[in-house]
Amino acid sequence: NLDCAEAYACGGVLNRIALETGINVGDIFTKGLEHPELQVTLLMFTDDLARTLSTGVNLFHPEVALIGGGVVTMPGFPKGRFTGTFFRHLRRPVPSDTVELRWAGLGS
């Protein structure tokens with residue numbers, strides 16, 4: 001839908017960015033973060049993805065936020081940036097102090 005989170009933060013968005021820049025989507029983070037203009041776009045994408053997750057955690061207060069899927073397992077995905085944005089956008093003290101962020105270990 002128009003202006004839903006998926007319009008800003010999903011694999012389809014990365015595919016569009018890859019087509020526009022001529023960079024293979026599998027290399028978008030490793031090569032794209034080297035280009036200043038594209039770096040801004042990719043970091044905004046990462047922040048949008050993290051804010052989307054933090055919104056769900058703020059609403060439902062789970063004990064664990066499990067992150068998996070193809071995008072976050074891509075080479076060069078900025079997990080540190082994602083984690084920082086995620087925790088900055090959580091309500092305090094709960095769920096900020098109570099949720100555990102984990103990365104899926106079984107692949108996408």
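The values are calculated or read from the model by the stated rules, or taken from the named source; none is laboratory data. In this text, all values refer to a predicted model and were calculated from it rather than measured experimentally. No Cβ is skipped: glycine too gets one built from the backbone with ideal geometry, and neighbour counts run over all protein chains shown. Side chains included, ligands, DNA and RNA excluded: accessible areas come from the protein's heavy atoms. Shrake-Rupley method; radii C 1.70, N 1.55, O 1.52, S 1.80 Å.
Among the residues of this structure, Gly22 does not count as one that is in contact (Cβ under 8 Å) with a residue 12 or more places away in the chain, out of contact with any Asp or Glu (no Cβ under 9 Å at 6 or more places or on another chain) and among the small types (Gly, Ala, Ser). Restrict the check to segment 40-55 and report whether at least one residue is more than 30 Å from Thr98 (Cβ to Cβ), open to solvent by 40 Å² or more (accessible area, probe 1.4 Å) and under 14 Å from the mean Cα position of the chain (by Cα). Looking through segment 40-55, at least one residue is more than 30 Å from Thr98 (Cβ to Cβ), open to solvent by 40 Å² or more (accessible area, probe 1.4 Å) and under 14 Å from the mean Cα position of the chain (by Cα).
Of the residues in segment 74-86, at least one is under 14 Å from the mean Cα position of the chain (by Cα), small (Gly, Ala, Ser) and either assigned to a loop (DSSP other than H, G, I, E, B) or on the phi > 0 side of the Ramachandran plot (or both). Every condition in (1) surrounded by 14 or more Cβ atoms within 10 Å (Cβ to Cβ); (2) part of a helix (DSSP H, G or I); (3) in contact with an Asp or Glu (Cβ under 9 Å, 6 or more places away or on another chain) is met by Asn58 except one, and the failing one is (3). As a summary of the residue check, Thr85 satisfies the conditions (1) of a type in the set (Val, Ile, Thr); (2) open to solvent by less than 40 Å² (accessible area, probe 1.4 Å); (3) without any contact (Cβ under 8 Å) to a residue 12 or more places away in the chain except for the one numbered (3).
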